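Novice: Dumping the structure here so I can ask a few things about it.
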Amino acid sequence: MQRSYFDDCVPIAALATVPGESALAIIRAAGPGSVELASSCFSRPTVLVAASAMSLVHGEILDPSNGETVDEVLAAVFRAPRGPVGEDGVEFYCHGSPAVVRRALAVLESAGFAPALPGEFSFRAFLRGKTDLVKAEAVLELVRAGSEGARAQALLRLEGGLSRSLAGARVALVEQLAEAEARLDYAEDEDSPAGGLDPGSLLGVRDLFARLSASYAVGRLYERGARAVIAGRPNAGKSSLFNLLAREDRSIVAPEPGTTRDWIEAGIELGGLPIRLIDTAGLREAAGEVEAAGVARSRLLAAEAEAVLYLVDGRLGLAREDESFLESRPDSLRLWSKADDPHCAPPPAGFLAVSATTGQGLPELAAALRVLVAPRFGEVPGASPRAELERGLRVASERQKLLLDRAVAALDATLAGVEARAPLDALALDLRDAADAIGEITGELASAELLEAVFSRFCLGK
Ligand SMILES: Nc1nc2c(ncn2[C@@H]2O[C@H](COP(=O)(O)OP(=O)(O)OP(=O)(O)O)[C@@H](O)[C@H]2O)c(=O)[nH]1
Ligand SMILES: [Mg+2]
């Protein structure tokens, strides 16, 4: 039967590093009595048991069934309530061999350690008050960060800015709620329906929650990357430019128009911002059914993209189709391709001359694309230091966003109620709902199912 995350008296162990051949493998073990248990399969049991918190002990993992040495290791000892999990624990730094790891885990299991569930160490750290749910989700985000910006964002959340801001706002709500409930109990202030509520401060909290909720879109963009679609008429040089920007020969390049039929994607990074570069089929009144489907996709992709790089063949010049596309998508980056070709005309105003053959214009194109997408990532030119700081206060999970939206709706209802002189008990109910939603974000009020759902997304050994 599957163990539950709430069986927190059981000592657990798991590999914390990537399985496979590597320089080192780290096996984590934690839980009540785990140092003593680990010592039963360690060459220097008394030294391990006597080791002080956060110290390292050199020795060997032994198989107690036959006394055989499994590996020579370093063991780091942790003591409750300190250490990463907040429980007694040992981390073994072994040689990174799959055979060593398999055998060492088997030995620990026979000694009494249960195989840890995904994210179980983090879950226990949460139970022991070492972290809250927002920070735990930030750890997951940090592990998965694919770009420099995503890494920095996750680290800021891990540092606790968002948690502190939410906890502070929740305290403010709870204080007003306590005041309102006290008045209800003593049936005072019958003629003052706001019941001591301070609409100004409630509005401030409501606006903070609304801003945080809106920041979710930015967080998502860091996760999935801003889509930059390369569009243009057939043969304009889209796939050549795509391959150059992606630094990979991914998309087929050929002299005949209509080469690219479906879209092709590659992830790149521009100054810390993750970009999904998308090559598309050339736009024209297509001859065949397949090409027509490709053209329809190109139009859809361009419409949904955060940025469009629109390429015009510099040898052929602007056509009616180019102008009509650019009218429909005026924020496109206008590129004049094949600038190296002697038959290429000079670029019209507003166009950047580029060449996939010589790389001309590529640095300028990269810079312009970064400037174009930066506001989508919340980078506001000339932002005040305060706005810079608030960038750390970004919401990264849909769960957090939905709860913030619930809190905003509940505070809107409270404020409308104050305005309409609604009875104090109705106002208190809405206010309680807002405070509870925030409690669920940080985990103070999270249900068992929710906690399991969050932590089971973590990797094994985390
Ligand atoms: N001289 C020169 N030729 C280029 C350049 N870029 C592309 N070409 C040529 O233009 C032709 C079409 O290039 P592609 O990159 O396949 O163009 P495309 O826009 O992807 O074409 P479709 O997929 O058919 O829409 C090929 O013969 C390329 O070698 C460039 O910068 N300079
Ligand atoms: Mg192509």
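The numbers here are math on the coordinates, done by the rules we state, and not lab data. Small disclaimer: the values here were computed from a predicted structure and weren't measured. In this analysis, Cβ positions are derived from the backbone assuming ideal geometry, glycine residues included, and neighbour counts consider all displayed protein chains.
Novice: How far, in nm, would the chain grow between Ala53 and Asp412 when pulled straight, counting 0.36 nm per residue and subtracting the alpha carbon separation?
Specialist: Full extension of this stretch gives 124.3 nm more.
Novice: With an 8 Å cut-off on Cα pairs and a minimum separation of 6 or more residues, tell me the relative contact order of the range 225-360 in percent. Mind showing how you got there, number by number?
Specialist: Values: 274 pairs, mean separation 35.2, N = 136.
Computed value for the range 225-360: 26 percent relative contact order.
Novice: Starting from the eigenvalues of the Cα gyration tensor, five times each then square-rooted, give me the equivalent ellipsoid semi-axes of the range 225-360, largest first, whole Å. Numbers along the way, then the final one.
Specialist: Working: eigenvalues 73, 68, 48 Å².
Whole-Å semi-axes of the equivalent ellipsoid: 19, 18, 15.
Novice: Expressed in nm to one decimal, what extension gain is obtained for the pair Glu72 and Tyr186 from 0.36 nm per residue of sequence separation less their Cα-Cα distance? Show your work: numbers first, answer last.
Specialist: Details: separation 114, 0.36 × 114 = 41.04 nm, distance 6.99 nm.
So the chain would gain 34.1 nm between Glu72 and Tyr186.
Novice: Put +1 on the Cβ of each Lys and Arg and -1 on the Cβ of each Asp and Glu in the range 289-384; which of Ala293, Val312, Thr357 then has its Cα farthest toward the positive end of the dipole?
Specialist: The one lying farthest along the dipole's positive direction is Thr357.
Novice: Further question on the same structure: Rounding to the nearest 10 and keeping the result within 0 to 90°, find how far the Cα-based axis of helix 398-419 lies from the longest principal axis of the chain.
Specialist: Result, in degrees: 90.
Novice: Applying the Karplus parametrisation 6.51 cos²θ - 1.76 cosθ + 1.60 with θ = phi - 60° to the phi angles of the range 65-75, what ³J(HN,Hα) value in whole Hz is obtained for each residue in order, glycine and proline being reported as x?
Specialist: Each residue of the range 65-75 in turn: 5, 9, x, 5, 7, 8, 6, 8, 9, 10, 10 Hz.
Novice: Could you list Lys238, Lys338, Lys135 in order of exposure, starting from the residue whose Cβ has the fewest other Cβ atoms within 10 Å? Mind dumping the intermediate values first?
Specialist: Values: Lys238 32, Lys338 24, Lys135 20.
Listed from fewest to most nearby Cβ atoms, that is Lys135, Lys338, Lys238.
Novice: Can you give me the angle between helix 98-111 and the longest principal axis of the chain, using Cα atoms only, in degrees from 0 to 90, rounded to the nearest 10?
Specialist: It is inclined by approximately 30 degrees.
Novice: Please list the non-local residues whose amide H lies under 5 Å from the amide H of Gly232, H modeled 1.01 Å from N, same-chain partners needing a gap of 5 or more.
Specialist: Leu283, Leu311
Novice: Okay, moving on. Angle check, please: helix 133-144 long axis (alpha carbons) against the longest principal axis of the chain (alpha carbons), in degrees 0 to 90, nearest 10.
Specialist: Approximately 50 degrees, to the nearest 10.
Novice: Follow-up question, since we're still on this one. Give the cross-link partners of Lys401 among the lysines, using a straight C-alpha distance below 16 Å as the criterion and excluding same-chain residues fewer than 8 apart.
Specialist: Within the straight-line cut-off, Lys401 pairs with Lys135.
Novice: For the chain, calculate the relative contact order in percent as a whole number, restricting contacts to Cα pairs under 8 Å that are 6 or more residues apart. Could the numbers behind the result be given before it?
Specialist: Details: 832 pairs, mean separation 79.4, N = 462.
Taking the mean separation of contacting Cα pairs over the length of the chain, I get 17 percent.
Novice: While we're here: Under a straight-distance cross-link criterion of Cα-Cα below 17 Å, which lysines are reachable from Lys130, leaving out those fewer than 8 residues away in the same chain?
Specialist: Lys462
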